[in-house]
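Worksheet: the structure to be examined is printed underneath.
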Amino acid sequence: MQALGLEGRYQLIPIPPMPEGETALREQLDRLRRGELDGLNVTIPHKQAVIPWVDELTPVAKEVNAVNTLIRSKGRLVGDNTDVPGFLADLRLCGVDGEAGAACLVLGAGGAARAVAYALAHLGWQVTVAARNTEAAQPFTRWQCRVVALTREAIQPVLPCCRLIVNATPVGMHPYPQGSPWPVDLAFPQGAFVYDLVYNPQNTRLVRQAGEAGLAANSGIGMLVEQGALSFERWLGQVPSRQAMRQAIFRAQET
Ligand code: NAP
């Protein structure tokens, strides 16, 4: 906002998980509806909880059944999902476009994994989802994703054709940066790109492991910036400086 000369604040509003948080969450939605706020983001664990209280979902939010951005449009509350286009935008910036039919592996079966698997499947990738709870990954089969257990034995057969690995679990995130979702003693597929959605720390253990194995890898800061920038555009109708946003993240992580 400062970089664009706009007045305003982007402020964290802690809301307890449901059901305790319902009144507090609905109060924020009402503030947006009344015009006291210009926009809202929602994150874990509210991305699905808000769905019953919006007036409308965008097609992407409906398909992935998750909302991260709330917009007021003609007095109505619209739930949108910028994780999907934000991930794809950053993947393109990483130089990964994936010719149709290329295989990829998504680790995890939560909200972020859903956005990523949907995005990749719709680009024509052959997506395999590896989850510790394979039941939770069953909804992914509607996008023709294959589901396997997140174990060395289950993942190994998928790797020979794999061109992209995406970590959509929180493993490796602050305050446990020593964690890695990659199974012990499993070799990375040569030539694949590793994309870790975790952005704190910036250089995750998975990114380091991939680098040591000779693979190109990135953490999730780029996606964080892109999904935020797309939310900003939807609320304020202006294109923010991605560079200023990235610097703000670095400053926040230093403190
Ligand atoms: P979520 O809905 O809680 O899902 C987490 C997934 O990871 C679940 O499938 C969970 O399995 C699995 N998981 C958790 N701990 C695990 C472990 N020790 N081993 C194996 N699997 C494990 O969370 P989310 O919203 O999808 O977020 C996931 C990560 O993505 C977070 O680190 C978040 O910060 C990051 N993210 C980044 C961006 C970005 O812009 N870069 C955007 C969205 C999310 P169970 O179901 O078995 O618990």
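Considering only residues in region 196-219 that are within 16 Å of the ligand (Cβ to nearest atom) and in contact (Cβ under 8 Å) with a residue 60 or more places away in the chain, the one that is least open to solvent (accessible area, probe 1.4 Å) turns out to be L197. Scanning region 180-188 for any residue that is modelled with pLDDT of 95 or more, open to solvent by less than 20 Å² (accessible area, probe 1.4 Å) and within 21 Å of L123 (Cα to Cα) turns up nothing. Are any residues in region 89-118 within 19 Å of I44 (Cβ to Cβ), in contact with a Leu (Cβ under 8 Å, 6 or more places away or on another chain) and surrounded by fewer than 24 Cβ atoms within 10 Å (Cβ to Cβ), and if so, which ones? Matches in region 89-118: none. From the list E226, E254, E212, E233, the lone residue that is charged (D, E, K, R) and under 16 Å from the mean Cα position of the chain (by Cα) is E226. Each residue in region 131-140 was checked for being buried (at least 22 other Cβ atoms within 10 Å of the Cβ) and near the ligand (Cβ under 9 Å from one of its atoms), and 2 of them qualify.
The set of residues from region 148-170 being open to solvent by 60 Å² or more (accessible area, probe 1.4 Å) and under 19 Å from the mean Cα position of the chain (by Cα) comprises just one member, P170.
Among the conditions (1) loosely packed, with under 13 Cβ neighbours inside 10 Å; (2) outside any loop (DSSP other than H, G, I, E, B); (3) of a type outside the set (D, E, K, R), L29 misses just one, which is (1). Tell me whether region 67-76 contains one or more residues that are exposed (fewer than 15 other Cβ atoms within 10 Å of the Cβ), of a type in the set (S, T, N, Q) and assigned to a helix (DSSP H, G or I). Taking every residue of region 67-76 in turn, none turns out to be exposed (fewer than 15 other Cβ atoms within 10 Å of the Cβ), of a type in the set (S, T, N, Q) and assigned to a helix (DSSP H, G or I).
Please enumerate the residues belonging to region 77-87 that are in a strand (DSSP E or B) and open to solvent by less than 10 Å² (accessible area, probe 1.4 Å). Answer for region 77-87, where residues must be in a strand (DSSP E or B) and open to solvent by less than 10 Å² (accessible area, probe 1.4 Å): L77, G79.
The test for being open to solvent by less than 30 Å² (accessible area, probe 1.4 Å), under 19 Å from the mean Cα position of the chain (by Cα) and of a type in the set (A, V, I, L, M, F, W, C) holds for C145. If the condition is being over 12 Å from L230 (Cα atoms) and within 15 Å of the ligand (Cβ to nearest atom), then region 48-87 contributes Q48, A49, V50, I51, V60, A61, V64, N65, A66, V67. Here D90 meets each of (1) under 20 Å from A66 (Cα atoms); (2) among the acidic types (D, E); (3) without any contact (Cβ under 8 Å) to a residue 12 or more places away in the chain with one exception, condition (3).
Return the total of residues in region 93-121 being part of a helix (DSSP H, G or I) and within 16 Å of the ligand (Cβ to nearest atom). Quick ask: steps written out before the conclusion?
Initial filter on region 93-121 (part of a helix (DSSP H, G or I)): 93, 111-121.
Subset that is within 16 Å of the ligand (Cβ to nearest atom): 93, 111-120.
Residues flagged as part of a helix (DSSP H, G or I) and within 16 Å of the ligand (Cβ to nearest atom) within region 93-121 amount to 11.
In the set (1) within 12 Å of the ligand (Cβ to nearest atom); (2) open to solvent by less than 60 Å² (accessible area, probe 1.4 Å); (3) among the hydrophobic types (A, V, I, L, M, F, W, C), M173 fails one condition alone, (2). Among the residues of region 176-195, which ones are over 22 Å from G220 (Cα atoms) and away from the ligand (no atom under 16 Å from the Cβ)? D185, A187, listed by residue number. Contact map, region 122-143: first residue assigned to a loop (DSSP other than H, G, I, E, B), second residue open to solvent by 80 Å² or more (accessible area, probe 1.4 Å) and more than 12 Å from the ligand (Cβ to nearest atom), Cβ cut-off under 7 Å, separation 6 or more or different chains; pairs are G124/A100. Summed over region 198-243, the residues that are within 22 Å of M173 (Cα to Cα) and either of a type in the set (A, V, I, L, M, F, W, C) or part of a loop (DSSP other than H, G, I, E, B) (or both) give a count of 20.
The values are calculated or read from the model by the stated rules, or taken from the named source; none is laboratory data. Computed from a prediction, not measured in an experiment: that's the story for all the values here. Counting neighbours? That spans all protein chains shown, and the Cβs are built from the backbone with ideal geometry, glycine included. The accessibility values were calculated without ligands, DNA or RNA, using every heavy atom of the protein model including side chains. Shrake-Rupley method; radii C 1.70, N 1.55, O 1.52, S 1.80 Å.
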